[in-house]
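A quick write-up on the structure given underneath.
The values are calculated or read from the model by the stated rules, or taken from the named source; none is laboratory data. What you are looking at is a predicted structure, and each value in this text was computed from that prediction instead of being measured. Note that we place each Cβ from the backbone using ideal geometry, even for glycine, and neighbour counts take in every protein chain shown. With ligands, DNA and RNA removed, areas are computed over all heavy atoms of the protein, side chains included. Shrake-Rupley method; radii C 1.70, N 1.55, O 1.52, S 1.80 Å.
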Amino acid sequence: MNFWQQLWSNRMLTSALLAWAAAQCLKVIINAFTQKDWDWSRLFGDGGMPSGHSATVTALATASLLQYGAASFQFAMAAVFAVVVMHDAMGVRLEAGKHARSINELFLLLGEPVSPEEKLKELLGHTPLQVVCGAALGIVMALLLR
């Protein structure tokens, strides 16, 4: 079996990557409906609905559970990794985005010119709903690729 066949046959990897790709595509579509604009930068952007991070790690954990079972170290590692990533998305990264928004607004209030390159990125983290939707997407993707 060659390298690409081995890679494709790795259900944990393919589940995680396809869940991420599905989440990122959904971000573009959802953004188009809510903002009335096709923003293709959302395809690789952070933040937004659904959480690509959550979709990725829950697909990995679910595929590990299906392949190795609940008592396996593979599932244990993937599950802990998923919890840490999702907690970080709703905590630190969400707060960092709020701080960036406040700092950007402060520069506007002070009349300080800020170039697009200097403007802080505000869309970093996820709300709990975005994380839950991403997690559900990841589980579904892993089950579909079973």
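Note on mean projected area of the Cα convex hull in nm²: of the candidates (i) 8.8; (ii) 22.6; (iii) 10.6, the value calculated from this structure sits at (iii). The alpha-carbon atoms of the stretch 2-84, seen along their principal axes, cover 46, 33, 15 angstrom, with the largest extent given first.
For Leu106, the accessible surface of its heavy atoms amounts to roughly 90 Å² (probe 1.4 Å, protein chains only, rounded to the nearest 10). The local environment of Gly52, defined by Cβ-Cβ distances under 14 Å, has a net charge of +1 under the rule Lys, Arg +1 and Asp, Glu -1. Please tell me which of these pairs span more than 20 angstrom C-alpha to C-alpha: Lys36/Lys119; Lys36/Lys98; Lys98/Lys121? Violating the 20 Å Cα-Cα cut-off are Lys36/Lys119; Lys36/Lys98.
Loop sites only, by DSSP: take the GluC sites (Glu not before Pro) in the chain that have at most 11 other C-beta atoms within 10 Å and name the longest stretch containing none of them. So the longest stretch without any such site is 1-116. Our summary gives the stretch 2-146 a relative contact order of 34 percent, counting only alpha carbon pairs under 8 angstrom and 6 or more residues apart. Between the stretch 1-55 and the stretch 71-103, the alpha-carbon centres lie 17 Å apart.
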